[in-house]
């Protein structure tokens, strides 16, 4: 397997809807190319939702169902949840182990993750859970999942051999590690929008979801040097030696 050959990709994020806001258009293009994509959600999403009429104990199940439905819009069928409490995520050794387990199970060449850095220009992208998921995912990529002497029970008890991820794609990269890859998602925008509309508990209150997304993605395209009529998602792409 060469570093430029991608057959499998793993997206590790904190909450349901995070991957769709950050990378749904790009993921749609990956599945169109035949790449098998797996989602790993660190939390159960129970702190989300905007409708006070919905019982709080029902939110986690609703959001997980929404994420599975959104994933299908993009050609993703493998959606996994670690079940950590929403709003309480920390980059613990246990979380690193749990992400490493899935890396070793899925054996992805590419991993998509959230930034562990604070983005001072767009603070909403820097939710503490996002940063914790990013920090733990990066630790799982290097050195945990590739080191057979880290999380030794994964091999001893579960038969999961070490695995090396070739490249990491960081969504909403912080200022100190800004974007270096812009993906034109003009052709997959409708699927991104459809995926986000599946997250009704999170997006149904937004008066102009489409307009908001077009504004964000249009600005990304301009920043990436694309024509003004294009839409783009941006990433910090890092090769893992």
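The values are calculated or read from the model by the stated rules, or taken from the named source; none is laboratory data. Just so you know, these numbers come straight off a predicted model, no measurement behind them. Don't worry about glycine lacking a Cβ; one is built from the backbone with ideal geometry, like all the others, and counts go over all protein chains shown.
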*Answer with yes or no whether residue 60 is over 15 Å from the mean Cα position of the chain (by Cα) and farther than 25 Å from residue 217 by Cα.*
yes
*Just a yes or no: is a residue in region 51-63 assigned to a strand (DSSP E or B) and under 23 Å from residue 172 (Cα atoms)?*
no
*Please state which one of 183, 170 is at pLDDT 95 or above, within 17 Å of the chain's Cα centre (by Cα), closer than 24 Å to residue 48 by Cβ and in a strand (DSSP E or B).*
170
*Yes/no for residue 116 being in contact (Cβ under 8 Å) with a residue 60 or more places away in the chain, crowded, with 18+ Cβ neighbours inside 10 Å and in a loop (DSSP other than H, G, I, E, B)*: no
*asked:* Just the residues that are closer than 29 Å to residue 5 by Cβ, touching a residue at least 12 places away in the same chain (Cβ under 8 Å) and part of a loop (DSSP other than H, G, I, E, B), please, taken from region 194-241.
replied: 224, 225, 226, 230, 231, 240
*Could you figure out which of (1) within 21 Å of residue 166 (Cα to Cα); (2) touching a helix residue (DSSP H, G or I) at 6+ places or on another chain (Cβ under 7 Å); (3) not in a loop (DSSP other than H, G, I, E, B) isn't true of residue 80?*
(1)
*So how many residues does region 83-100 have that are in a helix (DSSP H, G or I) and surrounded by 15 or more Cβ atoms within 10 Å (Cβ to Cβ)?*
6
*Selected residue (only one of 14, 24 is within 24 Å of residue 231 (Cα to Cα), buried (at least 24 other Cβ atoms within 10 Å of the Cβ) and either touching a strand residue (DSSP E or B) at 6+ places or on another chain (Cβ under 9 Å) or at pLDDT 95 or above (or both))*: 24
*Verdict on residue 124 being in contact with a helix residue (DSSP H, G or I) (Cβ under 7 Å, 6 or more places away or on another chain) and part of a helix (DSSP H, G or I)*: no
*Check off (1) under 15 Å from residue 195 (Cβ atoms); (2) assigned to a loop (DSSP other than H, G, I, E, B) for residue 29 and give me the number that stays unchecked.*
(2)
